[in-house]
Amino acid sequence: MALWALFPALLRGFRKGRRAAAALGALAIALHAAPAAATEAGEKSALDKIRQSGTLTVALYKEYAPFSDDGRGIDVDLATALAAKLGVKMSPMWFHAGEKMDDDLRKMVWKGTPIGYGPADVMMHVPVDRQYMAKIDQVRIFAPYHRERFAIGRQVEKLPVLDNLEPFEKLSIGVEGESMGALVMLSADSGHYRETLKIFKSAEEAVAALKSGAVVAALAQQGELESGLRDDPRFAIDPPPHPILKMQQWVVGLAVKADSEELAKALETAMNELLADGTVKRIMQHYGVKSRQP
């Protein structure tokens, strides 16, 4: 199956924590060179309009800590820094993830909602995948800034090492429901871990259960675990000892309308500067997340 076909399901997990059952292969860092639409004579570009208004409107996912939740997060601070590079202020446009990545891009990047909410000037935390990008004509995805993957956080005292999944035949592990992690754990080794698997509403709740001792381990995105555990010596974070989960890594970047070529170039330049001067790394560290640049 082509990678782009897996995105509608898997990308729900990147945003709201509903991981998909499909296994996503290696993610590529690439620019999709969509042709810029011809503008009418005298019409201002998207970048000109932003500079004239003094505001960069940025689409940000709700309920996606530590990246964007309750008005704060990595993507919020990064969006503010990008706007400053353009010499304008950042105005957040919050939204809940839809069922498909295509839905989010349509509502927040190139069309807007039926009730007139959106689109924004730019959207944060959009997966950068060459095959998926080749299938969409309405948006331009670019400026990768972080690489994410799955991991398992564990109590060191009760689980000193984690070489395979066998300990979870007896020890409890928490995971977000309707997620790729949950589906893998339910099916792994002929369902041997179903009895000890604890399902939570969100990855944040699963990590909280790990910290309280309600579970011995938690499966989530590494950034979610890093932010929740904050280098607490009682816990360790490891790659999942399962081939499907261990291989998963994905890169995220920005998205604008396909014809917003000047804006894309300006934002890409700004992002590259923020990566080069350490701003992205400092923002990540502020929320307890290790910067994994693409």
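Coordinate-derived values only; no laboratory data. On a predicted model such as this, the values are computed, not experimentally measured, just so you know. With ideal geometry, Cβ positions are generated from the backbone for all residues, glycine too; neighbour counts draw on all protein chains shown.
For the chain, the longest principal axis of the alpha carbon atoms and the long axis of helix 203-212 meet at an angle near 40°. Which residue, Ala188, Ala217, Ala258, tops the fluctuation ranking in a GNM of the chain built on C-alpha contacts under 10 Å? In this elastic network of the chain, the residue with the biggest mean-square fluctuation among Ala188, Ala217, Ala258 is Ala188. Taking only the Cα atoms of the chain, the ratio Rg/Rh comes out at 1.00, with Rh defined as the Kirkwood radius. If one computes the Cα centroid of region 43-91 and of region 133-154, what distance in Å separates the two points? First find each Cα centre; the distance between them is then 18 Å. Relative to the longest principal axis of the Cα atoms of the chain, the long axis of helix 74-86 makes an angle of roughly 20 degrees.
Within a 10 angstrom radius of the beta carbon, how do Phe168, Phe235 rank from fewest other beta carbons to most?
Ranking Phe168, Phe235 by Cβ neighbours within 10 Å, fewest first, gives Phe235, Phe168.
Expressed as an acute angle from 0 to 90° and rounded to the nearest 10, what is the orientation of the C-alpha long axis of helix 3-16 relative to the principal long axis of the chain? On a 0 to 90 degree scale, this one is about 80. With both residues required to sit in the chain, DSSP beta bridges show an antiparallel share near 60%.
Taking the DSSP beta bridges with both ends in region 149-247, the antiparallel portion is around 55 percent. Net length available on complete extension from Leu171 to Trp94 is 23.9 nm, with 0.36 nm assigned per residue and the Cα-Cα distance removed.
Considering only Gly118, Gly223, Gly191, the Gaussian network model of the chain with Cα springs below 10 Å gives its largest mean-square fluctuation to Gly191.
Overall form of region 149-247: rounded. Here a/c, set by the Cα gyration tensor axes a ≥ b ≥ c, is under 1.5.
The value of relative contact order for region 181-294, using C-alpha pairs under 8 Å at least six residues apart, is 21 percent. Counting beta carbons within 10 Å around each of Arg292, Arg282 and listing the fewest first gives the order Arg282, Arg292.
Cα gyration tensor of region 64-116, axes a ≥ b ≥ c as square roots of the eigenvalues: rounded (a/c below 1.5), prolate (a/b > b/c) or oblate? Since a/c reaches 1.5 but b/c is at least a/b, the shape of region 64-116 is classed as oblate. Put in line by how crowded their Cβ is, counting other Cβ atoms within 10 Å and starting with the fewest, Trp94, Trp250, Trp110 read Trp94, Trp110, Trp250. Summing Lys and Arg as +1 and Asp and Glu as -1 over all other residues whose Cβ lies under 9 Å from the Cβ of Leu162 gives a net charge of -1.
Pairs of lysine in region 149-247 with Cα under 20 Å and at least 8 positions apart or on different chains: total?
Values: Lys158/Lys170; Lys158/Lys198; Lys158/Lys211; Lys170/Lys198; Lys170/Lys211; Lys198/Lys211; Lys201/Lys211.
Lysine pair count for region 149-247: 7.
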